[in-house]
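Undergrad: This is the structure, below, for whatever I ask next.
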Amino acid sequence: MTLVSQPILVNGATHSAQTFRLLVRDLARDSEGVTRGTDLKVTQLATPGGAVTVAGGTGIVSGRVNTWQGSYAIANIGTADVTIAPTGASARSDLVIVRVEDPEYEGSVNPATGQVAYLQVISNVSSTATAIPDGRTGIALARIDIPASTATITNAMIKDVRQIANPRTDRTMLPVQSPTATSTELGASTSYNPFSTAPGWNIPIPIWASRVIVSLRISQARLSTNNFYGYLRPTFGASLTLQAVIIDDNQGASVRRIPLECADTFTIPDAYRGTTQLLRAQVAGGTGNLGRILVDSSTTLIADVQFFEAPR
């Protein structure tokens, strides 16, 4: 094939559908899948029955028939129900997909009157299938694992297999905090309490975020009074708590300093998206702990937060 002599967009030129499909492929960075985490999600009917509902949304489908076929921008405006056949004596897995059948490369659909893009069910796929098992052009949305002798589809049978074409990420190394004063000593109680002079960070959460990795470092915390045994755990908002790490120091009554670090991965609650939530370190003493811990003006607190977009 020679160089296309009318690149998009040249005033007065005629551009083929293929040229636009190649543009879609380039803009999508040669990726395919749904656009956002909620796009084209498959769920049970409002009253469960012999079909599933596909949510509205958009996506990108890569052409698989020809190397230079390009990619298709597909859209489901509103919701659509897709019938799932009942099972007989044996269990069965079906795959719900968006299929694109472009008559320039396959099939005989008339684009003026027929559907080039449509929802399709591939019946009797592997019970572990997460992608279209053959070479047809389309993207997989969900696998339906149907028990034997079943005609009603519920969410418990639906395995979400969507991929986001170009998932967004946002990583922020938050401003370093150094307390301006010595905090209240912690460790006397087995209940978690924040360092009084370390206010934490108010973090805006992207509306598209599905998951977050949070990492916190404290360098250096001050220990005194006795051996210290306890726990460090930051909280993120009212409902997310990082996995606690053990602080186990047996250096006696001398004043000493130690680095602390912890990290965890969370699924973002629906109510958190588009809001601002507080990230703050907490400490609790273990049973029988006699030591004390604090932060002061010689302490640095560093937080690293990375948000990820994923199907939800």
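Undergrad: State the label only: which of [x] 63, 57, 32; [y] 63, 43, 36; [z] 84, 60, 29 corresponds to Cα extents along the principal axes in Å computed from the shown model?
TA: The listed entry that was calculated here is [z].
Undergrad: Sticking with this structure for a sec: Net charge within 13 Å of SER254 by Cβ-Cβ distance, Lys/Arg positive one each and Asp/Glu negative one each, not counting SER254 itself?
TA: Charge balance in the 13 Å sphere: +3.
Undergrad: Report the net charge of residues surrounding ALA281, where surrounding means a beta-carbon distance below 15 angstrom and charges are Lys +1, Arg +1, Asp -1, Glu -1.
TA: -1
Undergrad: Could you compute the FRET efficiency for ALA188 and ALA238, with r as their C-beta to C-beta distance and R0 at 25 Å, rounded to 0.05?
TA: Approximately 0.50, to the nearest 0.05.
Undergrad: What is the calculated FRET efficiency for ASN166 to ILE207, with r their C-beta to C-beta distance and R₀ = 25 Å, to the nearest 0.05?
TA: 0.95
Undergrad: So if R0 is 30 Å, what FRET efficiency would THR130 and GLU104 give, r being the distance between their Cβ atoms, rounded to the nearest 0.05?
TA: On the way: r = 29 Å, r/R0 = 0.96.
After rounding to 0.05, the efficiency reads 0.55.
Undergrad: Using a simple spin-label model with points 7 Å from Cα along the Cα→Cβ vector, what separation in nm is obtained for HIS15 and SER297?
TA: 6.3 nm
Undergrad: In degrees from 0 to 90, rounded to the nearest 10, what is the angle of the helix 17-27 Cα long axis to the longest principal axis of the chain?
TA: 10 degrees
Undergrad: For region 1-83, report the translational diffusion coefficient in µm²/s to the nearest whole number, using Stokes-Einstein at 20 °C, 1.002 mPa s, and a Kirkwood Rh over Cα pairs.
TA: 144 µm²/s
Undergrad: If each DSSP helix of 4+ residues adds -39,500 (n - 2.57) and the sum is divided by the residues in the chain, what number results at 222 nm, nearest 500 deg cm²/dmol?
TA: -1000 deg cm²/dmol
Undergrad: Tell me the Rg and the Dmax, in Å, that the Cα atoms of region 153-308 produce.
TA: Gyration radius and largest Cα-Cα distance of region 153-308: 18.2, 65 Å.
Undergrad: Here's a follow-up. Which whole-number value in Å² is the accessible area per residue of region 101-254, probe 1.4 Å?
TA: Ligands and nucleic acids excluded, the figure is 51 Å² per residue.
Undergrad: Shifting gears a bit: If we count every other residue with Cβ under 15 angstrom of PRO86's Cβ, Lys/Arg +1 and Asp/Glu -1, where does the sum land?
TA: On the way: positive: ARG92; negative: ASP94, ASP145.
So the environment of PRO86 carries a net charge of -1.
The values are calculated or read from the model by the stated rules, or taken from the named source; none is laboratory data. These numbers come from a predicted model, not from an experiment. Please note: Cβ atoms are built from the backbone with ideal geometry, for glycine as well, and neighbour counts cover all protein chains shown. When the accessible area is computed, the model is the full protein with side chains, heavy atoms only, and any ligands, DNA or RNA have been set aside. Shrake-Rupley method; radii C 1.70, N 1.55, O 1.52, S 1.80 Å.
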